[in-house]
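The values are calculated or read from the model by the stated rules, or taken from the named source; none is laboratory data. Remember, it's a predicted structure, so these values are computed and weren't measured experimentally. For neighbour counting, all protein chains shown are included, and Cβ atoms are generated from backbone atoms with ideal geometry for every residue, glycine included. Just the protein is used for accessible areas: all its heavy atoms, side chains included, with ligands, DNA and RNA removed. Shrake-Rupley method; radii C 1.70, N 1.55, O 1.52, S 1.80 Å.
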Amino acid sequence: MKQKAVLAFSGGLDTSVVIKYLQEKHRMDVITVTIDVGEGSDQKKIATKAKNLGVLRHYNIDAKQEFVSDFIHPSIKANALYQKKYCLATSLARPLIAQKVLEIAKKEKVDALAHGCTGKGNDQVRFDVTFGSGSNLPIIAPIRDLNLDRTTELEFANKHGIPIDSVSKKFSIDQNLWGRAIEGGNLEDPYTEPPDDAFIWVKTKNLPDKAKYLEIEFEQGIPVAVDKKRLSQIKLIEYVNQVAGSCGVGIVDHIEDRVVGIKSREVYETPAALCLIEAHSDLEKMVHTKHQNKFKSLVDQEWTWLAYSGLWQDPLKRDLDKFIDQSQKVVTGTVKLKLYKGSFRVVGRKSKYSLYSHDIATYGKGSAFDQRKATGFVELWGLQTTEANKLSNKR
Ligand code: ARG
């Protein structure tokens, strides 16, 4: 009997090539799993493609709801933007996809786990660590193992009659509900501006002349309503993506430090993520003390790094999750965003847990804060600083 491998199959170039390699070089039967995390691709088409490539069985798992509640929401609570820019769309989806592959692996009693990651990226870390945390099965990663490049893969696909769409020929795309990552091709020159046709979520031309507003309501750190409409968790993200994208908001273009040490030029479309994280972190500033704000930003950064670098399963992340969840008890309120021709900003916020006091803050008449009390505080606050400078002036 032939050995069996289970493969996370996206229908793209890498994973299509992997099916053939597993069948031909490893003489294995392949079971494919496609996990729908909101990439908007036609799941039936992917299933047909898998079948045409001769897989033993194909599974399709709709994991959109789990992706939002267990991955996207924690990342909003952590204001997760890696290197201040990247909302972790791909990073968050990988551990979930790998977990689902493991479930099928157990059900099908396979002999190996396979993925289509290269040895140059972060995804291999996310897959391998999730696989290793949940099983002892060997991992086969043909693209990495055989040191394949995209040109060789395209040739291989051509030779084996693997159909590849035109976008995949131009760029390497990874897309889900939280964001769209565009890599490769001309974008590998960090000085070359991404062409307009690289973008499908964010409008780049003929942007509306009138500003749009988004009023986002949070409950305990989670967005629950937009523009006074309570939407399902998935719909809410789609709605914000659509509105912000239509105003030209959501493109990120930056140089990213990968776990393996390679610097890469990354282009993303992440309208909803940018808006929701900006709104969330603004609300936090209103309801948390300055001590909480200062400390939580350190926790957020560490959380983001763990999620980015493939250590989703690390006990430290679980510990940080507890801290973050506790901090979100008061992150309830509404934030108003203004979007106009590619830019956006918070223009209003309110919360029943607000620590902002107009009576204390006002420069107007009758403030509850007696400013004369500040003199002594400032003297003590700057004591060592002023003393140190007086001393060094004497030297
Ligand atoms: N650099 C990002 C990450 O590691 C995105 C990778 C996207 N992958 C792709 N094939 N375009 O999470």
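Being without any contact (Cβ under 8 Å) to a residue 40 or more places away in the chain and more than 9 Å from the ligand (Cβ to nearest atom) is the filter here; which residues of segment 176-188 pass it?
Within segment 176-188, G185, N186 meet the criteria.
Identify, from the list K228, K159, K170, the residue that is modelled with pLDDT of 95 or more and open to solvent by 60 Å² or more (accessible area, probe 1.4 Å).
K228
V287 fails exactly one of the following numbered conditions: (1) of a type in the set (V, I, T); (2) touching a helix residue (DSSP H, G or I) at 6+ places or on another chain (Cβ under 7 Å); (3) open to solvent by 10 Å² or more (accessible area, probe 1.4 Å). What is the number of that condition?
With (1) of a type in the set (V, I, T); (2) touching a helix residue (DSSP H, G or I) at 6+ places or on another chain (Cβ under 7 Å); (3) open to solvent by 10 Å² or more (accessible area, probe 1.4 Å) applied to V287, the lone miss is (3).
Out of segment 13-35, which residues are open to solvent by 20 Å² or more (accessible area, probe 1.4 Å) and touching a helix residue (DSSP H, G or I) at 6+ places or on another chain (Cβ under 6 Å)?
Selection gives D14, Y21.
Before we move on, is F131 out of contact with any His (no Cβ under 6 Å at 6 or more places or on another chain), modelled with pLDDT under 95, of a type in the set (F, W, Y) and more than 14 Å from the ligand (Cβ to nearest atom)?
No.
Residues that are assigned to a loop (DSSP other than H, G, I, E, B), under 20 Å from the mean Cα position of the chain (by Cα) and of a type in the set (D, E, K, R): does segment 115-122 have at least one?
Scanning segment 115-122 turns up at least one residue that is assigned to a loop (DSSP other than H, G, I, E, B), under 20 Å from the mean Cα position of the chain (by Cα) and of a type in the set (D, E, K, R).
In segment 248-266, is there at least one residue being over 30 Å from T130 (Cα atoms), part of a helix (DSSP H, G or I), over 18 Å from the mean Cα position of the chain (by Cα) and modelled with pLDDT of 95 or more?
Scanning segment 248-266, I find no residue that is over 30 Å from T130 (Cα atoms), part of a helix (DSSP H, G or I), over 18 Å from the mean Cα position of the chain (by Cα) and modelled with pLDDT of 95 or more, so the answer is no.
Being within 16 Å of the ligand (Cβ to nearest atom), in a helix (DSSP H, G or I) and more than 18 Å from V30 (Cα to Cα): is that true of I72 here?
yes
Restricting attention to segment 87-104, does a residue exist that is surrounded by fewer than 17 Cβ atoms within 10 Å (Cβ to Cβ), away from the ligand (no atom under 14 Å from the Cβ) and of a type in the set (K, R)?
Checked segment 87-104: no residue is surrounded by fewer than 17 Cβ atoms within 10 Å (Cβ to Cβ), away from the ligand (no atom under 14 Å from the Cβ) and of a type in the set (K, R).
Just to be sure I understand, how many residues within segment 75-86 are part of a strand (DSSP E or B) and crowded, with 21+ Cβ neighbours inside 10 Å?
Total satisfying the criteria: 1.
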